[in-house]
Amino acid sequence: MISEFSTIKGNSSKYLALLAGFGVLLALGAFSFLYVEINGHGATNMTNQVVWGLPHVFAISLLVMASGALNLASMATVFGAKQYKIFRRFSAFLAIALLAGGLAVLVLDLGRPDRMLLTMIHMNFKSMFTWNVFLYSGFVVLCFLYLWSMFQHERYVKLAGSAAFAGRVILTTGTGSIFGVIHAREVFHSAITGPTFVAVSITSGTAMCIMLLVATFHYTGRKLDKSLIHGLRNVLIFFTLLVFYLLVVEKFTKFYSPAFYDVESWILTGPYAPLYWIGVLGMGIALPLAILFNPGMGNSIKGIMWACGAAIIGEVSFVAHVLLAGQSYPFNMFPGWEMSSAFLDGQVAAYSPGILELMLGVGGIGIAGLIYLIGIRFFRLLPQKAEAPEGWKPWSP
Amino acid sequence: MAWIRFLGALLAVFMTIAPLVSNADAHGDAKHDRGTIGEKCIKDTDWMRRNHMNMLMEKRHVTVREGVRVPAESLLNCKTCHTSREKFCDKCHSYVGVQPDCFECHNYPK
Amino acid sequence: MNMDRRSVLGLGGVVAASAMIAPGIHLIAAPERTEASGQSRWAMLVDVNKCDSDCTACTTACRQENNVPTFDDPQRDIHWIRKVELKDKKGKRPSVSLPVLCNHCEHPPCVDVCPTEASFIRKDGIVLVDKHRCIGCRYCMIACPYKARSLVYHATELSENGNADVPIRGKGVVEKCTFCVHLVDQGKKPACVDACQKDGNGAMIFGDLNDGQSEISKRVHEIRTQTMRADLGLNPAVHYQGL
């Protein structure tokens, strides 16, 4: 068993270049954090209308993707898809790496990050944020236990893996509920927001897993059975369709109620409509499905990689759309009246992300990338070769 | 043995003067210029020296969250007796290296 | 106060003795001690018909009383109270002008979402931000349906003619209308209400809704008033009359 997994050598110039590249991203993030910490949030482009900006888009995208990255391991451990057993370690570790990146951005964008520990001292259990403090740290612990049992105690794998799976479903529901429970905002408030986040997490997490597996195996010269990637492609197809279904149900429900005509038509035609149509629906759903259902491209690794890239862009667009459109749509405090004031009431908020916000966001990617690269260098996370079991053949277009 | 007696006398003189001299520096009583008026604060001076930080935190909590207000003990009243924030607060705080940020928001002129 | 208990437990007899002498000082210097009471429910009533669109007495008084700065940046300016102009969407009713401020809800969503309990509701119904505890996560700004909250984007200083009795702002924390809690605790009215009655048109009144004898209690229970977004079930303390 031990010989099945190995670390990478990690002495090629490409590996060092990648390390340096992610290091630069991390440095950009660190600079942005310190600059904003000293000069205040006035240095960013966030406003009193859009209080969560680009850093939160990065952070929440990474957090959502993190829980989705665990899906590959869960399929093997919880759902008995034995062919993916060799990827369990990779999947659980990637989940931790992405989560750390996202969480760092979220925490470093606080107005008073120096008071972070207050969240541990004073807890309000009615707040989704307090729950998320537990869910995020709990998820990391569960993933560690899962990894530990995979490395040392195979008999606990089923237990730890199932716990981690339950944890990730609750975690992403919790992340979605940050928005879903907010009654005040018409774009946010929906019971289906949480489940949609779960579905989106699986598409983006699976896409990230496929891309990283293909790239890592390619650059380390390890053999990767194409049919395993085809199997993951089918997972991606299934969950992309699920996201589409959930989005349609939400739109259908909201459009049924005249109270939501205004806001829903605004979503489909307003300033954030391109993000919705091109980003969420085009890149996130139409393009991946078109590629993956195509007998030519859907079976080629290159085509699958493109679809995965589109799916990740779709996920980021989905998060950005929920966040930015949700905050930009004006409050309707006096139905039937048009509001105007010095506090920009009744106006769609204007927001264009600033460079410091972008830097902080890519800092999170830097952290996630570094953890992954260092992880595969020092831990035996990757199989020396990945082959599908004999006689196992996934469906193909 | 005259020199021993001389040394003894010198020591006695030194021991009398030394506390006065050193008091003038850091540990002086209220008589010295530490920017204060009056005999003692809302509690005993020694007690305040040791516990003012805890007391202020406690007061902050009950005032902000429970609305407990005792005007004579209000933070706004510190400055009526401790006339110089620089001499009274900052001097010692910078000596021991703590940086309370109370007066970034609360008004207490230097 | 807990201090006495704490000192007896923690600091030994000598200090305890001095602490026991200390209350004598209290008796001479400060007989007065007030506390927020669960019997009260502070509330505001705005008579929209009396509010004039040119009048900014309330907002000006608020900025003066609470040292609320302006940054000449409408996107990031702090507003504790603001004048809102309402135009009928169908153009049939005459336009209306009214002040909008924190509604000090009975079930405040900002308090529900705050992870550190920095946003809290006092016994007397005033919703406050404990700025010593706020970590600046802005979740409350997402949750408030009245846009009553502002993040402090820039550091500020006390202006020359500022009010030294009220703290200035901490950078990176969220703040909002306090119902002038420092005045209410002294038995006074909030600065905006005071200014409206003195310099404005007397559109705003303030008082204890639980006190059957108060003017606000009589009017809110006798005249048809309404609150903003009543559908959310938050039970705001700011009532509007004549809308």
Dipole moment magnitude, nearest 20 debye, the protein assembly as shown about Cα centre, only Lys, Arg, Asp, Glu C-beta charged: 2120
Largest to smallest principal axis extent of the C-alpha atoms in region B:32-110, angstrom: 37, 26, 23
Cα-Cα P(r), the protein assembly as shown, percent of pairs per 20 Å interval: 15, 40, 29, 14, 2, 0
Extension reserve of the A:LYS126-A:ILE192 stretch, reckoned as 0.36 nm per residue once the Cα distance is removed: 21.8 nm
Cross-link partners of C:LYS171 among lysines (Cα-Cα below 27 Å; sequence separation of 8 or more within a chain): A:LYS126, B:LYS59, B:LYS79, B:LYS87, B:LYS91, B:LYS110, C:LYS83, C:LYS131, C:LYS147
CD proxy at 222 nm, helix term only [per DSSP H run n ≥ 4: -39500 (n - 2.57); per residue of the protein assembly as shown; nearest 500]: -16000 deg cm²/dmol
Dimensions in Å of region C:42-241 - Rg and Dmax from alpha carbons: 16.5, 48
Total charge dipole magnitude, region C:94-243, about the Cα centre, Cβ charges on Lys, Arg, Asp, Glu only, Debye to nearest 20: 340
Under the Karplus curve 6.51 cos²θ - 1.76 cosθ + 1.60, θ = phi - 60°, whole-Hz ³J(HN,Hα) for region B:93-99, x wherever Gly or Pro sits: 4, 6, 5, 8, x, 10, 10
Prolate/oblate/rounded call for region A:5-145, Cα gyration tensor, a/c under 1.5 rounded: oblate
Vicinal HN-Hα couplings computed from phi for region C:34-42 (Karplus, 6.51 cos²θ - 1.76 cosθ + 1.60; Hz; Gly/Pro x): 10, 8, 4, 10, x, 6, 9, 9, 5
Cα extents of chain A along the three principal axes, largest first (Å): 70, 48, 39
Student exercise, region A:215-332 dipole from Lys, Arg, Asp, Glu Cβ charges, in Debye to nearest 20: 540
Helical segments meeting 24 Å axial Cα length and Kyte-Doolittle -1.0 threshold in chain C (DSSP H): C:2-29
Kyte-Doolittle mean at least 0.0 and Cα axial length at least 18 Å: DSSP H helices in chain A: A:13-39, A:54-69, A:88-108, A:128-151, A:157-180, A:193-219, A:226-256, A:301-320, A:355-378
Alpha carbon Rg of region A:196-285, scaled by the compact-globule rule 2.2 N^0.38 Å: 1.44
Between region A:228-304 and region A:55-90, the Cα center-to-center distance that results, in Å: 20
Sorted by Cβ neighbour density within 10 Å, fewest at the top, the residues A:LEU344, A:LEU224: A:LEU224, A:LEU344
Ascending count of other beta-carbon atoms within 10 Å, so fewest first, for A:ARG377, C:ARG149: A:ARG377, C:ARG149
FRET efficiency estimate (nearest 0.05) - Cβ-Cβ, C:ASP73 to B:LYS91, R0 41 angstrom: 0.60
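Throughout, read-outs are computed from the coordinates displayed, never taken from laboratory work. Note that this is a predicted model, so its numbers are computed, not measured. Here Cβ is always computed from backbone atoms with ideal geometry, including for glycine, and neighbour counts include all displayed protein chains.
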